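Rule-based calculations on the coordinates, nothing more; no lab input. Note that the structure is predicted; figures quoted are calculated from it, not measured. All Cβ positions, even for glycine, are placed from backbone atoms using ideal geometry, and neighbour counts span all protein chains on display.
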Amino acid sequence: MGNTDYSSIRRNYTAQLSEFYKGGAFPEKSSADMRFAIDCQKKRIDKLGLTMEKKFEKSGAENEKAWQYVKYPYTYTVISNRCNYEAVFHRNGNFAGRSDISDETLYMGILEKQSQEQDRCTCKNCGHTDFLSKFVSGCPMCGTTYESIQSYPCVSGYYTRPTLLSKKAAKGLGMFYFWIFGILGIFFGLVAGLSISSENGYNFVEGLAMTLFTIVLFAGGLLLFAFIVSIFMAGPLLAAKKYSDLSAEEKIKTAAATKTRMEAELKRYIPDFSYELLEEKVISLLRCIVFSADRKTLTVFDGSDDLSYMDDIVDVEYRGAVEYVGHSVVDNILRISVKAYVTCGYYNNGFVTFRKQVFNMVLAKRVKEEDLGFTIHAVNCKSCSGSFDAVHVSTCPYCGAQYSLIEDNWVVNQIFLTEQ
């Protein structure tokens, strides 16, 4: 496990994810939950007649380990690297919308399992038994597909966090300064050279030499000034712009600061509770609910909120913070209230527009240790041990026993949206 090539996983996954949204196959390292979420989003986009291209152009440090959590037999690692991220939408070949082109930090959660080589699977169609990893693309003998199959290592989630200062924006501002101050330098140098030549009665050659000299002097001086300005002022200017857009960054920082309080309070009930694990779970549940085509039977949501407005959402980008509001425990069911800061892409009349918003959510789960290997797409019946996909099913298809997802996984009791 210590020899895992995170760099290769990151490169291959983002490349395959980009191809998937263009009509390609599922990224081979996707967890079962990730496969479901991105499949729902792709179907939503296709239904609206849109195409989407996600770009993750690497622009910085390679795969730094941002965080790691070990609980035998699982190891959950969050890696990060800088990238130029954007999502571009088209409809009928025409441009329909683009997310902000920005320099961001890509975070990717990778789940590993030490005993994966011992996990085996038997095909329900032909009876072939083989290692679980061989069934990811279907039974190697008869081709029967099993979308809930989860092999390791797998990508259990990803998101990007905007950086305060974009390299592209800084470069663009530098070029702006270069052209503006360069043109001004040429203008003032030309005026000064002609004025000096006229006052001193220089002939054509002398006047030309003086004019060229003053142009170089003024242009060079102003370009040097522009360079100094871009070095010492670009950062503050761009930062000020980002902070003023929707006063977003201050709120993000305030929200992220609740991590310590959340872990201190919730570890009293779940000793192995982790903010990072919950953060990924919140984003995963949010995407599942937003892009689901049948929310009425969706087992991860048991609230009564009107979610019809979500039908127009075609993209959800995490903005870097899940804010902890509070919690309660009743009958050994832990409920926590959080705010998820996101940017949503909405489709309307042929165009996709992006809005910074906050999802207020109440999540509930029975108080018990975290199971890193749990997937809603392959739950085990408590009565007969049968395995089935519980996304839209609350009754075991083999023995008829009732299954309550809240016993094993976080369930959303309430969700509503506020603008920021």
Check your understanding: Per q in 0.20, 0.22, 0.28 1/Å, what log10 I(q)/I(0) does a Debye calculation on the alpha-carbon atoms of the stretch 1-40 return?
Key -> -0.60, -0.70, -0.95
Check your understanding: Can you list the HN-Hα couplings for the stretch 287-292, worked out from phi with the Karplus curve (6.51, -1.76, 1.60; θ = phi - 60°), rounded to whole Hz and with x for Gly and Pro?
Key -> 5, 4, 5, 4, 8, 5
Check your understanding: Is the shape of the stretch 10-115 best called rounded, prolate or oblate, per the rule: a/c under 1.5 gives rounded, else a/b larger than b/c gives prolate, else oblate, with a ≥ b ≥ c the square roots of the Cα gyration tensor eigenvalues?
Key -> oblate
Exercise for review: May I ask for the Kirkwood hydrodynamic radius of the stretch 296-420, worked out over all distinct Cα pairs and given in angstroms to one decimal?
Suggested key: 16.4 Å
Exercise for review: Just subtract the alpha-carbon distance of Glu206 and Gln420 from 0.36 nm times their residue separation and send over the number in nm, one decimal.
Suggested key: 70.7 nm
Practice item. Starting from the amide H of Val314, placed 1.01 Å from N in the peptide plane, find each other amide H under 5 Å away whose residue is 5 or more places distant or on another chain. Key: Gly345, Tyr346, Tyr347
Exercise for review: Can you tell me the order of 27-38, 292-303, 198-209 when each peptide is scored by its average per-residue count of other Cβ atoms within 10 angstrom, highest first?
Suggested key: 27-38, 292-303, 198-209
Revision key, fill the gap. Residue span Asp294 to Leu184: 0.36 nm per residue of separation minus Cα-Cα distance leaves a gain in nm of 33.5 nm
Exercise for review: Evaluate the distance, in nm, between pseudo-label points positioned 7 Å from the Cα of Thr51 and of Gln402 along their respective Cα→Cβ axes.
Suggested key: 4.9 nm
Point to revise | Residues of the stretch 317-337 with amide N under 20 Å of a point placed 7 Å along Cα→Cβ from Arg366 | key: 328-336
Review point. With a Cα-only, solvent-free Debye model of the stretch 255-350, what are the log10 I(q)/I(0) values at q = 0.14 Å⁻¹?
Key: -0.62
Point to revise | Net length gained if the chain between Phe213 and Tyr309 were fully extended (0.36 nm per residue, minus Cα distance) | key: 28.1 nm
Practice item. Over all alpha-carbon pairs in the stretch 2-70, figure out the percentage whose distance exceeds 18 Å. Key: 48 percent
Check your understanding: By average Cβ neighbour count within 10 Å, what is the ranking of 374-385, 262-273 from highest down?
Key -> 374-385, 262-273
Point to revise | Vicinal HN-Hα couplings computed from phi for the stretch 261-269 (Karplus, 6.51 cos²θ - 1.76 cosθ + 1.60; Hz; Gly/Pro x) | key: 5, 4, 5, 4, 6, 7, 5, 5, 9
